[in-house]
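These notes concern the structure reproduced below.
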Amino acid sequence: QVQLVESGGGLVQAGGSLRLSCAASGTIFSISTMAWYRQAPGKQRELVATMTRSGATNYADSVKGRFTISRDNAKHTVYLQMNSLKPEDTAEYYCNIVSGYTVTWGRGTQVTVSS
């Protein structure tokens, strides 16, 4: 069984930066896709960014040019560097991995951006 632990969330002023981390532990087979999602109050969970094992990335239009996803395969860790943060980026951020036929979600880390 795989567990994910996110960290790095917090309160930041608009224009600031945060770096989220998500480390996987447990019985880990080859991890294919690692991703970040977010969910704001009263809204559906949405995809923020994904990264395949080979390094291909995909971003939501709302974060392109501001957020960067990266991963360390040896450490089973995925990161999300968030720059030029906006109040509308305020949400609970969740990491997600696909390992074999299993999809695992983290418990989330809160990001709050003040104006």
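The values are calculated or read from the model by the stated rules, or taken from the named source; none is laboratory data. All values reported here derive from a predicted model rather than from experimental measurement. Cβ coordinates were reconstructed from backbone atoms using ideal geometry, including for glycine residues, and neighbour counts include every protein chain displayed. Ligands, DNA and RNA are excluded from the accessible area calculation, which covers all protein heavy atoms including side chains. Shrake-Rupley method; radii C 1.70, N 1.55, O 1.52, S 1.80 Å.
Observations
- Scanning segment 74-101 for residues that are in contact with a strand residue (DSSP E or B) (Cβ under 8 Å, 6 or more places away or on another chain) and of a type in the set (Gly, Ala, Ser), we see that the one that is modelled with the lowest pLDDT is SER99.
- When ARG71, ARG107, ARG53 are screened for being open to solvent by 50 Å² or more (accessible area, probe 1.4 Å), touching a strand residue (DSSP E or B) at 6+ places or on another chain (Cβ under 6 Å) and either at pLDDT 95 or above or of a type outside the set (Asp, Glu) (or both), only ARG53 passes.
- Residue tally, condition open to solvent by 40 Å² or more (accessible area, probe 1.4 Å) and either under 19 Å from VAL113 (Cβ atoms) or over 15 Å from the mean Cα position of the chain (by Cα) (or both), over segment 15-27: 6
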